[in-house]
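Asks: One structure follows; several queries about it will come next.
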Amino acid sequence: VYRGSVKDFSGFNASQDADALYNAMKGFGSDKEAILDLITSRSNKQRVEICQAYKSQYGKDLIADLKYELTGKFERLIVSLMRPPAYADAKEIKDAIAGIGTDEKCLIEILASRTNQEIHDLVAAYRDAYERDLEADIVGDTSGHFKKMLVVLLQGAREEDDVVSEDLVEQDAKDLLEAGELKWGTDEAQFIYILGRRSKQHLRMVFDEYLKIAGKPIERSIRAELSGDFEKLMLAVVKCVRSTAEYFAERLYKAMKGLGTRDNTLIRIMVSRSEIDMLDIREVFRTKYDKSLYNMIKEDTSGEYKAALLKLCGGDDDAAGEFFPEAAQVAYRMWELSAVAKVELRGTVQPAGSFNDDGDAQVLRKAMKGLGTDEGAIIEVLTQRSNAQRQQITKAYKAHYGRDLLADLKSELSGSLAKLILGLMLTPAQYDAKQLRKAVEGAGTDESVLIEILATRNNQEIAAINAAYQQAYHKSLEDDLSSDTSGHFKRILVSLALGNRDEGPENLTQAHEDAKKLADVSSNDSSDSLQTRFLSILCTRSYPHLRRVFQDFIKMTNHDVEHAIRKRMSGDVRDAFVAIVRSVKNKPAFFADKLYKSMKGAGTDERTLTRIMISRSEIDLLNIRGEFVDLFDKSLHHMIEKDTSGDYRTALLALCGGDD
């Protein structure tokens, strides 16, 4: 099936088109609209024929005339479209290595994503156009392992068979693990050989196997083991193996997000993929970033340049609001990975080794006695002890001084630091109970806190929260939730607050039935029973079981369940169901996303930042840090450092426990 956005123009006539272009450029000024309409609606093969017709009719070079008539980004885009794909690639690479400095990102993008045939064509085109040897030029311009891997990719010798040997899959996964994580130093040659030579089909299975034996995705190991351009190249190869469309969707998104647009990247990808997989890229883009590629180009560019890019994009996926098979496959793979990953959850705060509760109590007393407070000493002790140890310190403090440690801390500390330190002193259940209480009392309700806590805690945690709530506020959590929320949202919270979720493994027949229930409803029923059915399944089934349900749901509907929820529900009900789905899919990633949102943009949402850092510090903060780097290309440590200040920052970084 052809997945490009630009097709052959039917009724094509090269000499008529050559005339039309000649007339559009004749005289004073040029008719840019006519030029862009004509060129973006012809296929590359047809454009090459137009160039030939133009030369035979006028004795002039069409590309040279276009360069003379047009300017800027629009010129670059139109001229790129006129070159055959291999020559366009050759020109990009020539520009990337010419002059001072090298555009490594361009080399990485082209060499990591092209097929064997495309690489062979590129090498030939480069020799033809510049009378130079591409490999020699790249070797002269790069160094180290980065150079070696580029040379391997330049051979265009990746295996192409789809027949995969199970034994070799296991062997390769083991070799990669032993070359990196299990070795002092890294054996880069193994990474180069396996990632540079094996077929895509084979490597996908190697990556799945790697996740099983290493407990982490191969990308995370590459980030930890390799560095610089070599690391970026290997990550690009892995991404292209997993899904080339997803790789390009991400490159396009990064080229446009934030301030300024990376136009060279945008032009190169829109031109090079327009006759290969633009439809797949659009789909993945829409799934991944909640907006269509078309809309993002529209917001980010202007003039004829914009008009030409939109023609290459070929359509707006927000308009139809529907999805296609490629996006569904990517979503399905996510659930597969979520189901097989045996992830070991690790916090950043461990019990202190040589722990002495009375000694700690004395250090704290000294830090608070007399004039001024030694915040540093308080932070050092309390962030480096487990919660159970902090409870012992509280008891020792009272036994030694007849004083209440919490009350003393409260009177000595202030602001964000006080909230953080006092939060650390409560048991996890007391802390959650307090956050829930704050979310419901007074005017207005903080629904996002209710959702975050109730959707992510397990049965034991929920039971402990209920007990702590009753003890602290002499009311049941359920009563407070009931009197403070309403409708379906209330019913979801009440159900979650029971802590009555199944804990067993998946049941395949039941999962199929459940998925059918969710899928059926999605089509037409009144929204009332729709929400009721989602509630009865999402709030009660075990996590392993729900993973299976959500996989079946994609098979039945071609949509990820999160998409169906966003499309058919709104407000708090939607947010609650989405939080449950994300928590089932990958809980550390759910928290990483919330942490990122609490700090990005202007101002910091310190309440969310404090709450998550405290509540996850002994459970899975290490995993959250890993997901954070994967998702946002920067470390949690770095973001906290940039976004907070003073003692509050010192304490948060101590909990964070390291920079990735």
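The values are calculated or read from the model by the stated rules, or taken from the named source; none is laboratory data. Being a predicted model, the structure only gives us computed values, none of them experimental. Neighbour counts are summed over all protein chains in view; Cβ atoms, including those assigned to glycine, are modelled from backbone coordinates with ideal geometry. These area figures cover heavy atoms from the full protein model, side chains too; ligands, DNA and RNA do not enter into them. Shrake-Rupley method; radii C 1.70, N 1.55, O 1.52, S 1.80 Å.
Asks: Which residues, counting only those in the range 68-77, are over 14 Å from Leu266 (Cβ atoms) and either surrounded by fewer than 20 Cβ atoms within 10 Å (Cβ to Cβ) or out of contact with any Asp or Glu (no Cβ under 9 Å at 6 or more places or on another chain) (or both)?
Replies: Result: Tyr68, Glu69, Thr71, Glu75.
Asks: Quick one: how many residues across the range 259-291 are touching a residue at least 40 places away in the same chain (Cβ under 8 Å) and of a type in the set (Phe, Trp, Tyr)?
Replies: 1
Asks: Within the range 331-356, how many residues are modelled with pLDDT of 90 or more and surrounded by 19 or more Cβ atoms within 10 Å (Cβ to Cβ)?
Replies: Within the range 331-356, residues that are modelled with pLDDT of 90 or more and surrounded by 19 or more Cβ atoms within 10 Å (Cβ to Cβ) number 2.
Asks: A further question follows. Output the qualifying pairs, or none if there are none: Cβ atoms under 7 angstrom, residues six or more apart or on different chains, first residue in the range 540-565 and closer than 18 Å to Asp502 by Cβ and open to solvent by 10 Å² or more (accessible area, probe 1.4 Å), second residue assigned to a helix (DSSP H, G or I) and of a type in the set (Phe, Trp, Tyr).
Replies: What qualifies is Arg547/Trp335.
Asks: Moving to a separate point now. Given the criterion at negative phi, of a type in the set (Val, Ile, Thr) and not in a helix (DSSP H, G or I), identify the matching residue among Thr445, Thr394. I'd like the intermediate steps shown before the answer.
Replies: Working: Thr394 fails: not in a helix (DSSP H, G or I).
Just one listed residue meets the conditions, Thr445.
Asks: Follow-up question, since we're still on this one. What about Phe590, is it open to solvent by less than 10 Å² (accessible area, probe 1.4 Å), closer than 25 Å to Ala464 by Cβ, touching an Asp or Glu at 6+ places or on another chain (Cβ under 9 Å) and touching a residue at least 60 places away in the same chain (Cβ under 8 Å)?
Replies: Working: open to solvent by less than 10 Å² (accessible area, probe 1.4 Å): no; closer than 25 Å to Ala464 by Cβ: yes; touching an Asp or Glu at 6+ places or on another chain (Cβ under 9 Å): yes; touching a residue at least 60 places away in the same chain (Cβ under 8 Å): yes.
So Phe590 fails the test.
Asks: Return the residue satisfying two criteria in turn: it lies in the range 471-517 and is outside any loop (DSSP other than H, G, I, E, B) and closer than 16 Å to Tyr543 by Cβ, and of such residues it is most open to solvent (accessible area, probe 1.4 Å). I'd like the intermediate steps shown before the answer.
Replies: Of the range 471-517, the ones outside any loop (DSSP other than H, G, I, E, B) are 471-473, 477-484, 487-497, 508-517.
Okay, now just the ones that are also closer than 16 Å to Tyr543 by Cβ, so 495-496, 508, 510-511, 514-515.
Working: Ser495: 25, Leu496: 18, Leu508: 107, Gln510: 68, Ala511: 0, Asp514: 2, Ala515: 0 Å².
Selected residue: Leu508.
Asks: Going by what's in this entry, would Ala136 be described as of a type in the set (Gly, Ala, Ser) and surrounded by 12 or more Cβ atoms within 10 Å (Cβ to Cβ)?
Replies: Spelling it out, it is not the case that Ala136 is of a type in the set (Gly, Ala, Ser) and surrounded by 12 or more Cβ atoms within 10 Å (Cβ to Cβ).
Asks: Being assigned to a helix (DSSP H, G or I), at pLDDT 90 or above and not charged (D, E, K, R) is the filter here, so list the residues in the range 296-321 that pass it.
Replies: Met296, Ile297, Gly303, Tyr305, Ala307, Ala308, Leu309, Leu310, Leu312, Cys313
Asks: Could you check the range 1-75 for helices (runs of 4 or more DSSP H) lying wholly inside it with 3 or more residues that are hydroxyl-bearing (Ser, Thr, Tyr) and outside the structural domain of Arg262 (by the TED database)?
Replies: 44-58
Asks: Continuing with the same structure: Look through Lys597, Lys585 and report the one residue that is out of contact with any Leu (no Cβ under 8 Å at 6 or more places or on another chain), open to solvent by 20 Å² or more (accessible area, probe 1.4 Å), assigned to a helix (DSSP H, G or I) and closer than 22 Å to Arg501 by Cβ.
Replies: Numbers: Lys597 fails: closer than 22 Å to Arg501 by Cβ.
After applying the criteria, what remains is Lys585.
Asks: Inside the range 179-192, can you point out the residues that are surrounded by fewer than 16 Cβ atoms within 10 Å (Cβ to Cβ) and part of a helix (DSSP H, G or I)?
Replies: Correct list: Ala189 only.
Asks: I'd like to check something: does the range 218-239 contain any residue that is of a type in the set (Lys, Arg), buried (at least 23 other Cβ atoms within 10 Å of the Cβ), assigned to a helix (DSSP H, G or I) and in contact (Cβ under 8 Å) with a residue 12 or more places away in the chain?
Replies: No, the range 218-239 contains no residue that is of a type in the set (Lys, Arg), buried (at least 23 other Cβ atoms within 10 Å of the Cβ), assigned to a helix (DSSP H, G or I) and in contact (Cβ under 8 Å) with a residue 12 or more places away in the chain.
Asks: Of the residues Leu176, Leu211, Leu203, Leu150, which is within 30 Å of Ala98 (Cα to Cα), open to solvent by less than 60 Å² (accessible area, probe 1.4 Å) and either in contact (Cβ under 8 Å) with a residue 12 or more places away in the chain or not in a helix (DSSP H, G or I) (or both)?
Replies: Exactly one residue qualifies, and that residue is Leu150.
Asks: Return the residues of the range 8-36 that are in contact (Cβ under 8 Å) with a residue 40 or more places away in the chain and charged (D, E, K, R); say none if nothing qualifies.
Replies: Lys32, Glu33
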